[in-house]
Amino acid sequence: KKKLTINFGAGPAKIPPSVLLEAQNDLLDYKGLGISVLEMSHRSSEFSKILHTTENLLCELLNIPQNYKVIFLQGGGSGQFSAVPLNLIGLKKDHCADYVVTGAWSGKAAKEAEKYGKINTVFPKMDSYTKIPDVSNWNLNPDASYVYYCSNETVHGVEFNFIPDTKGTTLVCDMSSNFLSRPVDVSKFGLLFAGAQKNAGCAGVTVVIVREDLLGYAAKECPIILDYKVQAGMNSLYNTPPCFSIYIMGLVCEWIKNNGGLEAMEKLSITKSKLLYDIIDESNGFYVCPVESQSRSRMNIFFRIGSINGDEELEKKFLDEAAKRSMLSLKGHRSVGGIRASLYNAVTVEETKALAEYMIEFMKVHR
Ligand code: PMP
């Protein structure tokens, strides 16, 4: 029997209980084979079926056009911070790229990319990551090989509610923390990637969705396991892939499909995030979300308690009391402090309501 804990973790994060049950059921004996997915050859027909099923479900959920490849890689989102420039900086002769830095993760990606090419950040560094600067003020370089952005900044709780228009330059997106949370027009992107451990399963696998004509530009020093053309050409089986993580991703995709697909996930995430943002906005400054309303994340609700810089004692009290109520992982990222509630697909409306009620109660006692 499982303890009734509510997991608001930012990743690794909650996985739907029915998925865990199915994995548990399959663990010792996968579909009568007498072995588990953890033990089977990545070249067996059974694993091949798992791989194709996962890929097909992603294609179905995201409506991925025919001219795109889906690749399953290791190395996490951070691995892609290197893989993207190593594969794409050579698309154009100048070997430069534009980076849209709206928070910690796009910042890290830009820093890593500087090892491989000339990196232009499209607006001056912001003092604090609380908004997405107006696109009309972005300084885009027409000779850039690609424009890179992060659609949801997990640490700062900043999310794009639009897809940037790059005036024809290849668009690359780190979708790690809002992947599968809403429908996306994949055809607008040259490449998008996402680590699995938020909305798409467990850590260990990173999905890359890339348009075929972008394959074949890798730098000669690109590690072969990160070479998109090699991995796409071998159906992600150049080397041993993260088999179990791919299997879990397949189960999660099936769960999303059976629960109404990405439109339904989006509706739920609007409902859930509104529950918390409304309390914050109606708290007369007791709770403060520093992010501008149109750029607020539906996935990671970041807020301070007491003031915009946070009353750390009060925040600690909030977290301690939450833990007593079995609400876990509400602490903000160590780099920014405060509170962060992550409301990924598997977190239910009821669980979010429990947090909302706790926030109201805490405010009554401590304001
Ligand atoms: N991008 C985003 C948006 C993230 O949230 C994270 C991790 N939280 C990463 C990249 C890095 O992922 P990993 O830890 O898998 O390298």
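The values are calculated or read from the model by the stated rules, or taken from the named source; none is laboratory data. Predicted model only: the values in this text are computed from it and were never measured. Cβ placement follows ideal geometry from the backbone for every residue including glycine, while neighbour counts extend to all protein chains displayed.
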Flagged in region 85-116 as away from the ligand (no atom under 16 Å from the Cβ), assigned to a loop (DSSP other than H, G, I, E, B) and surrounded by 19 or more Cβ atoms within 10 Å (Cβ to Cβ), in numbering order, are Y116
Going through region 117-145 one residue at a time, which ones are in a loop (DSSP other than H, G, I, E, B) and among the hydroxyl-bearing types (S, T, Y)?
-> S128, Y129, T130, S145
Where residues in region 54-72 are touching a Phe, Trp or Tyr at 6+ places or on another chain (Cβ under 9 Å) and within 25 Å of N25 (Cα to Cα), which of them is surrounded by the most Cβ atoms within 10 Å (Cβ to Cβ)?
-> T54
Taking the stated definitions as given, is T154 closer than 18 Å to R298 by Cβ, modelled with pLDDT of 95 or more and surrounded by 24 or more Cβ atoms within 10 Å (Cβ to Cβ)?
-> yes
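Being in a loop (DSSP other than H, G, I, E, B) and over 17 Å from V122 (Cβ atoms) is the filter; apply it to region 151-175 and report the residue that is nearest to the ligand (Cβ to nearest atom).
T154
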Out of Y228, Y247, Y217, sole residue that is touching a helix residue (DSSP H, G or I) at 6+ places or on another chain (Cβ under 8 Å) and either among the aliphatic types (A, V, I, L, M) or surrounded by fewer than 21 Cβ atoms within 10 Å (Cβ to Cβ) (or both) | Y217
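Per-residue answers, yes or no, for (1) more than 21 Å from R43 (Cα to Cα); (2) outside any loop (DSSP other than H, G, I, E, B); (3) within 16 Å of the ligand (Cβ to nearest atom):
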residue: S177; (1), (2), (3): yes, no, yes
residue: L180; (1), (2), (3): yes, no, yes
residue: S187; (1), (2), (3): yes, yes, no
residue: F193; (1), (2), (3): yes, yes, yes
Answer yes or no: is there a residue in region 35-49 that is part of a helix (DSSP H, G or I), within 21 Å of G233 (Cβ to Cβ), out of contact with any Pro (no Cβ under 7 Å at 6 or more places or on another chain) and basic (K, R).
-> yes
Taking region 73-84 as the region of interest, how many residues are over 22 Å from M249 (Cα atoms) and either among the acidic types (D, E) or buried (at least 21 other Cβ atoms within 10 Å of the Cβ) (or both)?
-> 1
Any idea which of (1) closer than 16 Å to A109 by Cβ; (2) part of a loop (DSSP other than H, G, I, E, B); (3) within 12 Å of the ligand (Cβ to nearest atom); (4) in contact with a helix residue (DSSP H, G or I) (Cβ under 8 Å, 6 or more places away or on another chain) is the one Y148 doesn't satisfy?
-> (2)
